[in-house]
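Single-structure report; data block below.
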Amino acid sequence: MSYGLIMADVRRGLFDERNLDLVGFCNVLNIDPWLILPKGAYNVREAYFKRIIQVEMGEEEFINPLNAVITVKKVIEKFGDPFALIFSASSSGMEIAPYVAGYLKSPIITDVSGYQKESGTLLKSLYSDKVFASLKIKGEGFFVITVRSGSFRHEAREIEENTIYEKLEGLTRDERRRFLGYIEEEKQEVDITKADFLLSIGRGVGTKDEIPLYEELASLLGATISGSRPVIDKKWLPKSRQVGTSGKTVKPKVYLAMGISGAFQHVSGMKDSECIIAVNKDPEAPIFQYAHYGIIADMHKIRDRLIQILREK
Ligand SMILES: Cc1cc2nc3c(=O)[nH]c(=O)nc-3n(C[C@H](O)[C@H](O)[C@H](O)COP(=O)(O)OP(=O)(O)OC[C@H]3O[C@@H](n4cnc5c(N)ncnc54)[C@H](O)[C@@H]3O)c2cc1C
């Protein structure tokens with residue numbers, strides 16, 4: 001049986017649960033899941049892998065995309081072509097996978113979230129999940145893919161035979177790029193994942209000058225303020241307040257989204273909220289597809305009116 005070569009998603013000595021999505025992907029395609037792992041004591045779920053190849057490289061060298069190219073070449077030299085080279089669509093996988101595909105001249109499909117067995121096609125989200133592209137790899141050789149977190153985890157199964165262990169030694173290192181260190185996330189003064197009521201503001205807020213009034217509204221409502229990425233990127237709110245794929249996943253009782261369009265990177269961080277209320281001046285804004293209640297209006301007018309009512313109480 002052909003094999004799927006999984007580049008382990010590891011960080012600071014931990015083996016990420018996202019790796020199970022990559023196993024699930026192999027199971028769906030009916031290929032053996034093989035794992036490449038840096039040296040170290042990882043809490044690997046060994047029973048899921050047919051073969052585990054431990055590389056004579058520390059984690060910081062292993063996550064260097066140039067070293068990943070060297071590692072993959074060596075595995076292929078030793079074991080032959082895999083069916084696919086598989087990464088998770090995490091920040092590290094998204095960085096390494098294109099390098100490997102580029103250097104090895106392999107086709108790549110990123111952020112795969114589904115597989116259609118009948119047609120043998122992979123599904124990839126486009127335009128914030130508005131449409132899904134159905135893609136098929138043609139021609140010879142293997143392909144590189146990144147798999148969206150949570151997409152195939154339910155398909156991960158332990159294998160029936162014993163796992164085979166290998167060591168990969170004698171690898172050169174590419175020193176043109178070096179790992180310098182992790183930058184710690186700023187200390188969180190508020191944990192938005194614990195809030196029952198979030199007032200989340202998006203780019204529709206317009207300017208920084210408007211923020212204090214939204215903070216006042218949040219305080220009057222008994223809500224915690226959070227935001228979409230553009231608001232955080234502009235430093236109008238701290239990074240700890242960002243909701244979405246590169247921020248926090250939240251599940252409050254009430255999520256009041258004002259001036260947020262509803263891009264999938266945002267929605268995936270808040271769609272499981274118990275009650276979603278969206279305020280947007282655009283009736284076509286995708287956020288309304290997820291909202292339990294929608295208000296098509298200028299967010300500032302809604303804010304001012306609510307503040308007025310609540311101040312009078
Ligand atoms: C790798 C990656 C990771 C990402 N991670 C995240 C993430 O974690 N979180 C996140 O949020 N985004 C993330 N993004 C960005 C995401 O794709 C969107 O660009 C972002 O969510 C859009 O933010 P927004 O809705 O505030 O802005 P926009 O999409 O610009 O929407 C602004 C909305 O405000 C409305 N509006 C404007 N003025 C008013 C008004 N006066 N009254 C009412 N409505 C008004 C508009 O109609 C529009 O719908 C990520 C992107 C990438 C590529």
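The values are calculated or read from the model by the stated rules, or taken from the named source; none is laboratory data. None of these values were measured; they are calculated from a predicted model. Note that each Cβ is placed from the backbone with ideal geometry, even for glycine, and that neighbours are counted across all protein chains shown.
Within the group Leu198, Leu168, which residue is among the hydrophobic types (A, V, I, L, M, F, W, C), touching a residue at least 40 places away in the same chain (Cβ under 8 Å), at negative phi and within 14 Å of the ligand (Cβ to nearest atom)?
Of the residues listed, the single one that is among the hydrophobic types (A, V, I, L, M, F, W, C), touching a residue at least 40 places away in the same chain (Cβ under 8 Å), at negative phi and within 14 Å of the ligand (Cβ to nearest atom) is Leu198.
Hey, does the range 206-214 have a residue that's touching a Phe, Trp or Tyr at 6+ places or on another chain (Cβ under 8 Å) and more than 7 Å from the ligand (Cβ to nearest atom)?
Checking the range 206-214: at least one residue is touching a Phe, Trp or Tyr at 6+ places or on another chain (Cβ under 8 Å) and more than 7 Å from the ligand (Cβ to nearest atom).
For the subset of the range 196-248 comprising residues that are hydroxyl-bearing (Ser, Thr, Tyr) and under 14 Å from Met299 (Cβ atoms), which member is surrounded by the most Cβ atoms within 10 Å (Cβ to Cβ)?
Ranking the qualifying residues of the range 196-248, first place goes to Ser200.
Consider only pairs whose beta carbons are under 6 Å apart and that are at least six residues apart or on different chains; among these, list those whose first residue lies in the range 259-272 and is among the aromatic types (Phe, Trp, Tyr) and whose second residue is near the ligand (Cβ under 8 Å from one of its atoms).
Phe264/Ser128
On the basis of being part of a helix (DSSP H, G or I) and not acidic (Asp, Glu), does Val75 make the cut?
Here the answer is yes, as Val75 does meet what is asked.
Need pairs with beta-carbon distance below 7 Å; first residue in contact (Cβ under 8 Å) with a residue 40 or more places away in the chain and within the range 36-49, second charged (D, E, K, R) and in a loop (DSSP other than H, G, I, E, B); sequence gap 6+ or separate chains.
What qualifies is Ala47/Glu158; Tyr48/Glu158.
Any residue in the range 234-246 that is more than 16 Å from the ligand (Cβ to nearest atom) and either basic (Lys, Arg) or not assigned by TED's automatic domain parsing to the domain that holds Arg305 (or both)?
no
Any residue at all in the range 67-90 that is farther than 22 Å from Arg178 by Cβ, surrounded by fewer than 21 Cβ atoms within 10 Å (Cβ to Cβ), within 24 Å of the chain's Cα centre (by Cα) and of a type in the set (Lys, Arg)?
Scanning the range 67-90, I find no residue that is farther than 22 Å from Arg178 by Cβ, surrounded by fewer than 21 Cβ atoms within 10 Å (Cβ to Cβ), within 24 Å of the chain's Cα centre (by Cα) and of a type in the set (Lys, Arg), so the answer is no.
Kindly indicate whether Ser261 is within 13 Å of the ligand (Cβ to nearest atom), at pLDDT below 95 and within 23 Å of Arg148 (Cα to Cα).
So Ser261 fails the test.
List pairs: first residue in the range 289-313 and within 15 Å of the ligand (Cβ to nearest atom), second residue at pLDDT 95 or above and among the acidic types (Asp, Glu) anywhere in the structure, Cβ distance under 7 angstrom, at least six positions apart or on different chains.
His300/Glu210
List every residue pair whose Cβ atoms sit under 7 Å apart, with the two residues 6 or more apart in sequence or on different chains, where the first one lies in the range 208-221 and is acidic (Asp, Glu) and the second, anywhere, is surrounded by 14 or more Cβ atoms within 10 Å (Cβ to Cβ).
Glu210/His300; Glu215/Ile225; Glu216/Ile307
Suppose we keep only residues that are of a type outside the set (Asp, Glu) and within 8 Å of the ligand (Cβ to nearest atom) within the range 269-285. Which one would you say is nearest to Ser240 (Cα to Cα)?
Gly269
Looking at the structure I just gave you, is Ser106 of a type in the set (S, T, N, Q) and either outside the structural domain of Ile137 (by TED's automatic domain parsing) or closer than 22 Å to Ala156 by Cβ (or both)?
For Ser106, the condition - of a type in the set (S, T, N, Q) and either outside the structural domain of Ile137 (by TED's automatic domain parsing) or closer than 22 Å to Ala156 by Cβ (or both) - is not met.
What tally of residues in the range 109-127 results from selecting those that are surrounded by 15 or more Cβ atoms within 10 Å (Cβ to Cβ) and within 16 Å of the ligand (Cβ to nearest atom)?
6
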